[in-house]
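Notes follow the structure.
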Amino acid sequence: MRIAIYQMNSVDRSIAENTALFDQICANAKAGGADLIIFPEMALTGYNIGADRIKQLAQSRNGAMVQGLKIMAARHDIGVLCGFPEADGEQVFNAAAFIDATGAVLSICRKAHLFGDVDRAAFSAADTLCPLVQFGDWSFGLAICYDVEFPELVRAYALAGADAVLVPTANMLPYIGVATRVVPARAEENEIYVAYANRVGVEGTFEYCGLSCIAGPNGIDLARAGGNEELIFADISKEHLSQVRKSLSHLNDRREDLYP
């Protein structure tokens, strides 16, 4: 399977403008052989745009934003994972829609760990871990930004049978260590792939640090973006996953008697 990540430039655009841009990016990703493309956290609306604006823009999972993603996924015959603000009654969640190549919604993931005032002022936290998603013969865990920084969350996915964890993010300076150290460590310690889709550019007081990556189950980069807008690709394989799991043994060697 080939995964693409769109490291987007955080220019202030309308939802319609972002949707049109993402439709073209889907076409580019498909032309590059991708089966799945990952867009960043809150990609459709912007992230650091203020709680009031997020509340105004938020839509239900049946709203026009997700419908637009479904249309572009089916049009380009490609899976899409993309962040958006999900309205559910009086609550708003920092969410991501995972849609298959037929345009069917496989999952709506909600962010579990809220980061600072930017999240807490605008969003409610998920009260459950997002279930694993089956995409072809791959089992994917979904996490949003800060979630991947908690080893328990990624380990829970690994123990549940995930082959990879997919992470739309909006990570800013000075926290480059998340992309360069934490993400590869999560991959290696859990013997899974981790795909981390970030932003670049400036949005409000945030300067996003880029460095989107796809880390192999041994922690080695398969693809790594720099500090500019970029579309990156990496191939993941069950054979490589199996080979790595024969050489690493973190999961098998855990001492559950010491830390149940």
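The values are calculated or read from the model by the stated rules, or taken from the named source; none is laboratory data. Since the structure is predicted, the reported quantities are computational estimates derived from the model, not experimental observations. Reconstructed Cβ throughout: ideal geometry from the backbone, glycine too, with neighbour counts over all protein chains shown. Note: areas computed on protein heavy atoms with side chains; ligands, DNA, RNA excluded. Shrake-Rupley method; radii C 1.70, N 1.55, O 1.52, S 1.80 Å.
Distance from the alpha carbon centroid of region 140-213 to that of region 13-88 works out to 19 angstrom.
Relative intensity of region 1-128 on a log10 scale, I(q)/I(0) at q = 0.12, 0.18 Å⁻¹, equals -0.41, -0.92, per a Debye sum over C-alpha point scatterers of equal strength in the absence of solvent. To the nearest 10, the accessible area of L81 is 0 Å² with a 1.4 Å probe.
The modelled label-to-label distance for the pair A51/E152, using points 7 Å beyond Cα in the direction of Cβ, is 2.5 nm. The Rg/Rh ratio of the chain, with both radii computed over alpha carbons and Rh defined as the Kirkwood radius, is 0.95. Only Lys, Arg, Asp and Glu carry charge here, each on its Cβ (+1 for the first two, -1 for the last two); on that basis region 92-228 has a dipole of about 180 debye about its Cα centre. Computed from backbone phi, the HN-Hα couplings of region 97-107 come to 9, 10, 10, 7, 6, 8, x, 8, 6, 8, 6 Hz, rounded to whole numbers (Karplus: 6.51 cos²θ - 1.76 cosθ + 1.60, θ = phi - 60°; Gly and Pro given as x). A Gaussian network model of the chain, with springs between Cα atoms under 10 Å, assigns the largest mean-square fluctuation among R245, R186, R110 to R245. Here, region 124-260 has an Rg and a Dmax of 15.1, 48 Å when only alpha carbons are counted. What aspartates and glutamates does K238 reach when the alpha-carbon gap must be under 20 Å and sequence neighbours fewer than 8 apart in one chain are set aside? Counting by Cα, and skipping residues close in sequence, K238 has these aspartates and glutamates nearby: D35, D100, D137, D163, E188, E189, E191, D221. Taking every C-alpha pair closer than 8 Å and separated by at least 6 residues, the mean separation divided by the residue count of the chain gives a relative contact order of 20 percent. Computed as a quarter of the hull surface, the mean projected area of the alpha carbon convex hull for region 205-260 stands at 6.7 nm². The amide H of E203, built 1.01 Å from its N in the peptide plane, has Y208 as neighbours under 5 Å, considering only residues 5 or more places off or on other chains.
Taking GluC sites (Glu not before Pro) as exposed when DSSP calls them loop (any state but H, G, I, E, B) and at most 11 other Cβ atoms lie within 10 Å, what is the longest stretch of the chain free of them, the sites themselves excluded? Result, exposed sites excluded: 91-255.
Measuring from each cysteine beta-carbon in the chain, the ones with no other cysteine beta-carbon under 4.7 angstrom are C26, C82, C145, C209, C213.
Considering helices alone, the calculated mean residue ellipticity of the chain at 222 nm is -8000 deg cm²/dmol, with DSSP H runs of length four and up weighted by -39500 (n - 2.57) and normalised per residue. Considering only A97, A87, A34, and ranking their Cα positions along the charge dipole of region 1-108 that arises from unit charges at the beta-carbon of Lys, Arg, Asp and Glu, the one farthest toward the positive end is A34.
Under 27 Å of direct C-alpha separation, and excluding same-chain neighbours fewer than eight residues apart, K111 reaches these lysines: K55, K70.
Once backbone amide H atoms are built at 1.01 Å from N, L222 has I214, A215, G216 as its partners under 5 Å, excluding neighbours fewer than 5 places away on the same chain.
Antiparallel beta bridges, as assigned by DSSP with both residues in region 160-260, represent about 70 percent of the total such bridges.
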